[in-house]
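Asks: Before anything else, here's the structure in question.
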Amino acid sequence: MPFHHHRLPNGLTVLAESMPDAHTSAIGFFVATGARDELPGVMGVSHFLEHMMFKGTARRTAEDVNREFDEIGANYNAFTSEELTAYYAQVLPEHFSQATDLLADILRPALRESDFDMEKKVILEEIGMYDDRPQWRLHDALNLAHFDSHPLGHRVLGTTQTVGGLQVEQMRDYFNERYSPDNIVVAAAGRLNFKKLVDELGTLTQTWKPTGASRMHGQPPATGEKRTERDARVNRHYLAMMMPAPGAQDEKRYAAKVLADALGDEDGSRLYWSLIDPGLADEVSFDFNPQDRTGSYIVFASCDTDRADEVEEVLHQSLDTFADHIEDDELERVKNKLATAATLQGETPMGRMSSLGGQWLYLQEHIPLEEELARLTRVTVADLVELVNEYPFQPRTVVRLTPA
């Protein structure tokens, strides 16, 4: 899959992998902004702004945007995280130029006050909906406890107070600063003509002005706080932990992926056999979350209240003893599973487009799928032991949500 890279005069980065035999094409606009780039008083503006992108532009109404995406049969969507906002579409190759035009257009939204006021109600309803879900409440509480005052502790959705008090001018100011071409990467994959794509984007974005947008990277504190919240609306015990881990730019991220799968994959992992199989917990996971110059391990479990202490004890014991008995056959099994998953994703234009955009935002480099697989399969038992010595699952921030 030939790789192409071009930087437009306004700073917009354009990347692509050509897949001549593919039957579809995918394109995404990746903006290096998210909840961690917000001031506390406007928490949630990144996610709110993502919604506003689909509310119309100078050229199209909201109805036009949705109708035109549907007319070309696009698989399209957007998402916002702590560090990234992305807009993407997958289409048949003959509709690729139209998809590019649509995405570029919605990234210059009208941001009309009437649309803002109406969409604010939708966002507040969404916040209320997620506050009724124990797992999401626990996730937000864990982030806040672990990162304390660092902006990585911000809620992606924001709060009813911050979103309720947000003014359209504040959103416009945030958009003008963060949605600049030098803070955006356009990634594409599939059957496409790269030169044509660059020419089209040059025309579509010729009025976009760079701002020099950047990100403050202060190291998060990792508090190790222990907290229990009680709520009469829940009837099960929920537990989450967070611990420091390698960042997205750290070569140890490959070992961390293997470690996370060995500990907490949904089936066949250590936590599965120690908690799910014997019936102590109904759900358990261990995930590795690499972020910009930092990272986290995240544990989640749910169980009956009368098993809460035993489940937490097993979790702590599993973390404390992980490096004591890592077998070669366990390592090989995990690496094969991860390699298969990465290859399945890499076989599709949508999967490669997603990888290209994310890689470039964090690394400013292209890593072919074959190289990704090679780095993954080179992980050894010694690498895992070294990783645990450097990131020993400490300090552990623990948040529990349990019935009142």
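Asks: Among what's in the stretch 204-240 and is touching a Leu at 6+ places or on another chain (Cβ under 7 Å) and among the aliphatic types (A, V, I, L, M), pick the residue that is surrounded by the most Cβ atoms within 10 Å (Cβ to Cβ).
Replies: Checking each candidate, the answer is 240.
Asks: Residues to consider are 99, 35; find the one that is at pLDDT 95 or above, aliphatic (A, V, I, L, M), closer than 15 Å to residue 189 by Cβ and surrounded by 23 or more Cβ atoms within 10 Å (Cβ to Cβ).
Replies: Working: 35 fails: closer than 15 Å to residue 189 by Cβ.
After ruling out the rest, the residue left standing is 99.
Asks: Right, residue 334: buried (at least 20 other Cβ atoms within 10 Å of the Cβ), assigned to a helix (DSSP H, G or I) and among the hydrophobic types (A, V, I, L, M, F, W, C) or not? So that I can check it myself, show each step before the final result.
Replies: Details: buried (at least 20 other Cβ atoms within 10 Å of the Cβ): yes; assigned to a helix (DSSP H, G or I): yes; among the hydrophobic types (A, V, I, L, M, F, W, C): yes.
Judged against the criteria, residue 334 is a match.
Asks: Test of understanding: among 74, 26, which residue is closer than 24 Å to residue 371 by Cα and in the same structural domain as residue 169 (by TED's automatic domain parsing)?
Replies: Details: 74 fails: closer than 24 Å to residue 371 by Cα.
Answer to the selection: 26.
Asks: Scan the stretch 73-87 residue by residue and report those that are in contact (Cβ under 8 Å) with a residue 40 or more places away in the chain and either touching a helix residue (DSSP H, G or I) at 6+ places or on another chain (Cβ under 7 Å) or in a helix (DSSP H, G or I) (or both).
Replies: Here is the first cut: in the stretch 73-87, the ones in contact (Cβ under 8 Å) with a residue 40 or more places away in the chain are 75, 80-87.
80, 82, 83, 84, 85, 86, 87, listed by residue number.
Asks: I'd like the residue in the stretch 173-206 that is over 15 Å from residue 9 (Cβ atoms) and of a type in the set (Gly, Ala, Ser) and, out of all such residues, is farthest from the chain's Cα centre (by Cα).
Replies: Among those residues, the one meeting the criterion is 190.
Asks: With the condition kept exactly as written, say whether any residue in the stretch 226-248 is at pLDDT 95 or above, β-branched (Val, Ile, Thr), in a helix (DSSP H, G or I) and out of contact with any Gly (no Cβ under 6 Å at 6 or more places or on another chain).
Replies: No, the conditions are met nowhere in the stretch 226-248.
Let's see how each residue does on (1) part of a strand (DSSP E or B); (2) at negative phi; (3) among the hydrophobic types (A, V, I, L, M, F, W, C):
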site	(1), (2), (3)
5	yes, yes, no
17	yes, yes, no
26	yes, yes, yes
36	no, yes, no
47	no, yes, no
68	no, yes, no
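Asks: Quick one: how many residues across the stretch 272-297 are buried (at least 22 other Cβ atoms within 10 Å of the Cβ) and either touching a Ser or Thr at 6+ places or on another chain (Cβ under 6 Å) or assigned to a strand (DSSP E or B) (or both)?
Replies: Adding up the residues that qualify gives 6.
The values are calculated or read from the model by the stated rules, or taken from the named source; none is laboratory data. All values derive from a computational prediction rather than experimental measurement. Don't worry about glycine lacking a Cβ; one is built from the backbone with ideal geometry, like all the others, and counts go over all protein chains shown.
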